[in-house]
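First the structure, in the form of structure tokens, and then the observations on it.
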Amino acid sequence: MKKDNKSVIYWLLTGCILIFIMVIVGGVTRLTHSGLSISNYKLISGTIPPMNETEWEAAFDLYKQYPEYQKLNNHFSLQDFKDIYFWEWFHRVIGRFIGIVFIIPFLYFLIRKQLSKSTLKKSIILLILGGFQGFLGWYMVKSGLVDRPDVSHYRLAAHLSTAFITCAYTFWVILDILFPNKKPIRTSFRNFIRFGMALLLLQIIYGAFVAGLDAGYIHSHWPMMSDGKFIHPTVYIEQSPVFRNFIEGKSGVQFVHRTLAYIVALYIFIIWRKSKQMQLTPCQAKAVNFSLIMVGIQFLLGVLTILLLQFTTYKVWVGVTHQVGAFFLLLSMTFTLHRFSK
């Protein structure tokens, strides 16, 4: 029986698509402040939402015991609670479904010996990443159930970046199957792209910091932060010691995220320029061209997010669209790196 056949590719591609949907729903969950609406975790029974008024009242009473309701949402009616409950419940259900989609076909392919040795090892890594992602989700939620009515931005960044990495690695495994014979150009150029990937992942982490701290709602001007200043004074004085401004201060974190956007865009442009001095295969040319296009789109989406996030009508979807842009930019860079790797 042929190993790493089309069925294996479809399985992995389905996983990629589901993680993409998970990222979108996770973004909506975050921007609608729905993530702390379910304060317990039940792997099986938690799949079914409250089915009658009694169960809804019980779920609402549980929510009332935690800081988000007590400090922020004590004006909520039961209907308000139902609205935020839906997104968190949907987010968790997709997470469980992804687990099923990865585990059951994996066992089937394993039993039928349809996975090559290399793909088998990579699939095990994917399963570990998926399990770790689920753990990080609950670990993140726990941080918002103690004193402060919000999750730790560090844990949010770990949860989000792990989702991105899991999807990028799944895509990499698909590419390994589709293109078993890679064509390296230069080791130095491959390493140059690797550093670009590292910069992009750092930017994604800082995007999560911005989301976790609600730092996108301040300094809603571009290209200056506000008051005609490229670096607003609050970037330096919000936290003490100074370095904490850039990992915990709203102004500092937004400044780093803004600045990294310029650096990432410039770096990918340089990758594109360098590639034009080489003899490329059609696939390699498409990869670097698409990465350049995607970083341009993502930069524009970032600017629109800064300008529009303050408006209630747009804040959810403009934020989610920016997150989706980061997702596709990471995949395009993954494709580019793959095409220039051994």
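Bear in mind that the values in this text are calculations on the coordinates, not laboratory data. Keep in mind the model is a prediction, meaning the values are calculated, not measured. When we count neighbours, we look across all protein chains shown, and the Cβ atoms used for this are built from the backbone with ideal geometry, even at glycine.
Over the Cα atoms of the range 1-116, the radius of gyration divided by the Kirkwood radius equals 1.14; this is the Rg/Rh ratio. A convex hull fitted around the alpha carbon atoms of the chain yields 148 Å³ per residue. Residues of the range 100-125 with an amide N closer than 18 Å to a point placed 7 Å from the Cα of Leu43 along the Cα-to-Cβ direction: 100-107. Cβ-Cβ distance of Gln79 and Asn289, R₀ of 41 Å, FRET efficiency by 1/(1 + (r/R0)^6): the value works out to about 0.25.
Quick one: among His91, His221, His159, which has the greatest mean-square fluctuation in a GNM of the chain with alpha-carbon springs under 10 angstrom? The residue that fluctuates most here is His221.
In this simple spin-label model, placing a label point 7 Å from the Cα along the Cα-to-Cβ direction at both Lys113 and Trp317 gives a separation of 5.3 nm. Mean-square fluctuations from a GNM of the chain, with a 10 angstrom spring cutoff on Cα atoms, peak among Thr162, Thr47, Thr305 at Thr47. With bins 5 Å wide beginning at 0, the percent of Cα pairs of the range 106-163 falling in each bin runs 4, 18, 19, 14, 12, 10, 8, 7, 5, 2, 0.
Loop exposure criterion: chymotrypsin sites (Phe, Trp or Tyr not before Pro), DSSP state outside H, G, I, E and B, at most 14 other Cβ atoms within 10 Å. Applied to the chain, the longest stretch between such sites is 42-229. Simple rule: put +1 on each Lys or Arg Cβ and -1 on each Asp or Glu Cβ in the range 1-95, find the dipole, and look at Ile44, Gly95, Asn73; the Cα lying farthest toward the positive end is Gly95. Per residue, the chain reaches -23500 deg cm²/dmol at 222 nm when only DSSP H runs of four or more residues are counted, each adding -39500 (n - 2.57). Near Lys82, which aspartates and glutamates are there with a Cα under 16 Å away, not counting those fewer than 8 places off in the same chain? Within the straight-line cut-off, Lys82 pairs with Glu53, Glu55, Glu57, Asp61, Glu68.
Here is the list for the range 123-227: trypsin sites (Lys or Arg not before Pro) lying in DSSP coil, each with at most 15 other C-beta atoms within 10 angstrom of its C-beta, are Lys182, Arg186. Extension gain, Ile165 to Asp227, is 18.6 nm, computed as 0.36 nm per intervening residue step minus the present C-alpha separation.
Using 30 Å as the Cα-Cα cut-off, could you pick out the over-long pairs in Lys142/Lys250; Lys42/Lys64; Lys274/Lys315; Lys229/Lys274? Cα-Cα > 30 Å for Lys274/Lys315; Lys229/Lys274; rest within. Cα gyration tensor of the range 1-64, axes a ≥ b ≥ c as square roots of the eigenvalues: rounded (a/c below 1.5), prolate (a/b > b/c) or oblate? The shape class here is prolate. Note on the range 63-103: Kirkwood radius taken over Cα pairs, Stokes-Einstein applied at 25 °C and 0.890 mPa s, translational D equal to 208 µm² s⁻¹. Given +1 at the Cβ of Lys and Arg, -1 at the Cβ of Asp and Glu and no other charges, the dipole of the chain around its Cα centre is 2260 debye to the nearest 20.
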